[in-house]
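Student: Starting off with a structure, shown below.
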Amino acid sequence: MPTSWTAAQVLRIAKANPSWFDGRTAVAAPTRLGTGESYDAWLVEASDSARSGGLDGSRAGVRVVLRVARRPLGELPADPLEELAALRLAPPGVGPRALGLAVIFEDGSPAEQDDASPRYPVMAEALVPGEVLSAERWTGAMRRRLAGRLAALHTRSFAAPGSARDAEAGALAASGRLDFPGEIAGIVDYWNGRLVGPARDEWAPLIDPMMAYAERLAPEFIAVQEFSLIHGDPVLTNILVNGEEPHLVDWEWARIGDPARDLGFLGGAVHAQPWYAPLDDREITDFLQEYVEAGGRGEVAQLRVRRDAWLAAEGFAVLAYLLWVETDRAGGLSPANRRTLAGLRATLPAYLRRAPGVD
């Protein structure tokens, strides 16, 4: 079972890391912001003194988001050091400012001594104001601003895909190409060994059409020669909107990769709330045109092919994950994840039936 953190534990973590709060020591009781698949998010406020008035949002206070892993190192799907490197590489204003990373034991104490007990990473980030909006609340103006944010994120060019840590260290390969069929084969290999019974029976018929689709589009991905820092998972629930200004949070899957991946996860023909919006062709084309006009990489037609493919690949992997959670894990699915599962069950098979290269 994933670990559930308490406010007392989070307070202990905060007090052990005053550098995250510019040295401020008067730390208020943390407030839980939400729980994701891998992390709990907590808001922690600190001020110069308990009487300074800083905790009500005045200039004397500092507001920090602590993302505390729900699973220990070794069980997380992505390396938190990659996320930290990506946040340092990202241009200002696109996402949160990284403040630091710590590793703790399950009681919240610092994991400094040599001990075989499970260790949990904690990411500290400056607060990004805003709220997660449902698909119905997104406006054309918000999507245009998101296109601009992604264009800014993708400004810097790299010659090969790879890790954000390698990019930060100047150690990326001199050249490289994308293997989209290999991406799909990796998903199949991972979930084939985990899904059993009805879950496997439901997912397995999608494997051949998904692989055929990937093989058909392989040349589109091989042709990509410029890569960018990408968020990797900009679904609706990882975008905070303040007014009409969107900001990307939860950079767990950030890397150097295909910019079209970031353009796909907003949604499209494959959709499932609350993560992916049901966008029509006109809305997708407008979004891609705004991205290109804002300085984004690529041409609309090629970006459309790849962003649709990345969205289908994501839906294919997430469907397997949710089927696994539904059948094999204690506690089952949350209400939000049940909605996502229902959406993917309806839209992903329908999309693959008419996808290029699928008979």
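The values are calculated or read from the model by the stated rules, or taken from the named source; none is laboratory data. Being a predicted model, the structure only gives us computed values, none of them experimental. Using ideal geometry, Cβ is built from the backbone for each residue, glycine included, and neighbour counts are taken over all protein chains shown. All accessible areas refer to the heavy atoms of the entire protein, side chains included, with ligands and DNA or RNA removed. Shrake-Rupley method; radii C 1.70, N 1.55, O 1.52, S 1.80 Å.
Student: Name the single residue, out of those in the range 292-317 being touching a Ser or Thr at 6+ places or on another chain (Cβ under 8 Å) and not hydrophobic (A, V, I, L, M, F, W, C), that is surrounded by the fewest Cβ atoms within 10 Å (Cβ to Cβ). If you could, list the steps in order and put the result at the bottom.
Tutor: Kept after step one, since they are touching a Ser or Thr at 6+ places or on another chain (Cβ under 8 Å), are these residues of the range 292-317: 295, 297, 300, 304, 315.
Cutting the leftovers down to not hydrophobic (A, V, I, L, M, F, W, C) gives us 295, 297, 304, 315.
Values: 295: 11, 297: 19, 304: 20, 315: 29.
Checking each candidate, the answer is 295.
Student: Kindly indicate which of 178, 229, 146, 150 is open to solvent by less than 30 Å² (accessible area, probe 1.4 Å), in a strand (DSSP E or B) and under 24 Å from residue 305 (Cα atoms).
Tutor: Values: 178 fails: in a strand (DSSP E or B); 146 fails: in a strand (DSSP E or B); 150 fails: in a strand (DSSP E or B).
Checking each option against the conditions leaves just 229.
Student: Considering only the range 153-172, I want to know if a residue exists there that is closer than 18 Å to residue 95 by Cβ, charged (D, E, K, R), in contact with a Pro (Cβ under 7 Å, 6 or more places away or on another chain) and surrounded by 13 or more Cβ atoms within 10 Å (Cβ to Cβ).
Tutor: Checked the range 153-172: no residue is closer than 18 Å to residue 95 by Cβ, charged (D, E, K, R), in contact with a Pro (Cβ under 7 Å, 6 or more places away or on another chain) and surrounded by 13 or more Cβ atoms within 10 Å (Cβ to Cβ).
Student: Out of (1) over 22 Å from residue 182 (Cα atoms); (2) under 20 Å from the mean Cα position of the chain (by Cα), the odd one out for residue 282 is which?
Tutor: Checking residue 282 against (1) over 22 Å from residue 182 (Cα atoms); (2) under 20 Å from the mean Cα position of the chain (by Cα), the one that fails is (2).
Student: I'd like to check something: does the range 291-311 contain any residue that is over 20 Å from residue 188 (Cα atoms) and hydroxyl-bearing (Ser, Thr, Tyr)?
Tutor: Scanning the range 291-311 turns up at least one residue that is over 20 Å from residue 188 (Cα atoms) and hydroxyl-bearing (Ser, Thr, Tyr).
Student: So which of 167, 174, 214, 185 is among the small types (Gly, Ala, Ser), free of Cβ contacts under 8 Å to residues at least 60 places away in the same chain and in contact with a helix residue (DSSP H, G or I) (Cβ under 8 Å, 6 or more places away or on another chain)?
Tutor: Result: 185 is the single residue among 167, 174, 214, 185 that is among the small types (Gly, Ala, Ser), free of Cβ contacts under 8 Å to residues at least 60 places away in the same chain and in contact with a helix residue (DSSP H, G or I) (Cβ under 8 Å, 6 or more places away or on another chain).
Student: Might you check whether a residue that is modelled with pLDDT under 95 and among the aromatic types (Phe, Trp, Tyr) occurs anywhere in the range 284-293?
Tutor: Scanning the range 284-293, I find no residue that is modelled with pLDDT under 95 and among the aromatic types (Phe, Trp, Tyr), so the answer is no.
Student: Another question, if that's okay. Going by what's in this entry, would residue 170 be described as in contact with a Lys or Arg (Cβ under 7 Å, 6 or more places away or on another chain), over 30 Å from residue 339 (Cα atoms) and part of a loop (DSSP other than H, G, I, E, B)? Outline the logic, then answer.
Tutor: On the way: in contact with a Lys or Arg (Cβ under 7 Å, 6 or more places away or on another chain): no; over 30 Å from residue 339 (Cα atoms): yes; part of a loop (DSSP other than H, G, I, E, B): yes.
No: the conditions fail for residue 170.
Student: Would you check which residues across the range 87-124 are surrounded by fewer than 17 Cβ atoms within 10 Å (Cβ to Cβ), among the small types (Gly, Ala, Ser) and assigned to a loop (DSSP other than H, G, I, E, B) and list them?
Tutor: Across the range 87-124, the qualifying residues are 93, 109, 116, 117.
Student: Applying the selection to the range 31-45, what residues are closer than 14 Å to residue 61 by Cα and out of contact with any Gly (no Cβ under 7 Å at 6 or more places or on another chain)?
Tutor: 43, 44
Student: Restricting to the range 233-251, count the residues that are surrounded by fewer than 24 Cβ atoms within 10 Å (Cβ to Cβ), outside any strand (DSSP E or B) and not β-branched (Val, Ile, Thr).
Tutor: The total comes to 5.
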